[in-house]
Amino acid sequence: MALTLTSIHELKPAVERARKKAETDENKAAVQAFDGLRLHDLRHTFGSWKIAQGEDVLYVSAQMGHARPSITYDIYSHLLENRRPHAAPKTDDLLFGHVSGAKDGGGQR
């Protein structure tokens, strides 16, 4: 069963259920994996996943409960930098149409 989280507020109960199941099943490796795990670590993972999936920063900010989107930008800007190489070709396509170097190897229209 896949775990789908749409809000950071769903994370803590999901982790608590997983930990309790590991304890009930006497899964020592899983219980040990939870030792030292902080909710803040999971919160940051959730935000990182959402940004990496291409979610809008305003959406992620709201999901994380940040007071301002600038907080989200400050924390996750290193992940947003990965999108920059795609920005210039998109602008070129918008301004000039299909430009050379595109996937099909064609030139301008």
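Specify the residue that is surrounded by the most Cβ atoms within 10 Å (Cβ to Cβ); the eligible residues are those in segment 47-59 that are of a type in the set (A, V, I, L, M) and more than 8 Å from the chain's Cα centre (by Cα).
At the first step, the residues of segment 47-59 found to be of a type in the set (A, V, I, L, M) are 51-52, 57-58.
When the remaining residues are screened for being more than 8 Å from the chain's Cα centre (by Cα), the result is 57-58.
Details: Val57: 17, Leu58: 10.
Per the criteria, the residue is Val57.
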* **Residue count for segment 43-67, restricted to those that are within 13 Å of His78 (Cα to Cα) and among the polar types (S, T, N, Q)** => 1
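For segment 28-46, state whether one or more residues are under 12 Å from the mean Cα position of the chain (by Cα) and among the β-branched types (Val, Ile, Thr).
Residues of segment 28-46 under 12 Å from the mean Cα position of the chain (by Cα): 42-46.
Checking the rest, the ones that are also among the β-branched types (Val, Ile, Thr) come to 45.
Yes: one or more hits.
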* Asked: Since His98 meets every condition but one in (1) at pLDDT 90 or above; (2) surrounded by 12 or more Cβ atoms within 10 Å (Cβ to Cβ), which condition does it not meet?
  -> (1)
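The values are calculated or read from the model by the stated rules, or taken from the named source; none is laboratory data. Note that this is a predicted model, so its numbers are computed, not measured. Reconstructed Cβ throughout: ideal geometry from the backbone, glycine too, with neighbour counts over all protein chains shown.
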